[in-house]
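Everything on this sheet refers to the single structure shown next.
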Amino acid sequence: MIKLSSLSIGKSAVIREFEKSDLHIKLMEMGCVPGETVKIEKVAPLGDPISIIVAGYNLSLRKSEADHIWVEEVTAR
């Protein structure tokens, strides 16, 4: 497993868990729930924020927020 913030542009992953913090409730309210697939769409030129696709919509996260999400990369078959 890796942190969402270290996933490359265009890669997809499945959310597995969150680091323990009050932030995980906010992330879950925005559609970032365990088992949901996310895809990195864009990264700002200086690396912050990150644009992802989750639950059928675009979501912008700060890198510090993405650091709290542990994902498992989806490999192409």
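What to note about this one:
- One residue stands out in segment 62-72 among those that are part of a strand (DSSP E or B) and open to solvent by less than 50 Å² (accessible area, probe 1.4 Å): the one that is farthest from Leu7 (Cα to Cα), namely Ile69.
- Residue, least open to solvent (accessible area, probe 1.4 Å), within segment 6-37, restricted to residues that are part of a helix (DSSP H, G or I) and at pLDDT below 90: Leu27
- Filter result for the condition that a residue is in a strand (DSSP E or B), surrounded by fewer than 18 Cβ atoms within 10 Å (Cβ to Cβ) and of a type in the set (A, V, I, L, M), over Ile40, Ile53: Ile53
- Positions within segment 15-61 being charged (D, E, K, R), over 14 Å from Ile2 (Cβ atoms) and over 10 Å from the mean Cα position of the chain (by Cα), in sequence order: Lys20, Asp22, Lys26, Glu29, Glu41, Lys42, Asp48
The values are calculated or read from the model by the stated rules, or taken from the named source; none is laboratory data. This is a predicted model, so every value here is computed, not measured. Please note: Cβ atoms are built from the backbone with ideal geometry, for glycine as well, and neighbour counts cover all protein chains shown. Side chains included, ligands, DNA and RNA excluded: accessible areas come from the protein's heavy atoms. Shrake-Rupley method; radii C 1.70, N 1.55, O 1.52, S 1.80 Å.
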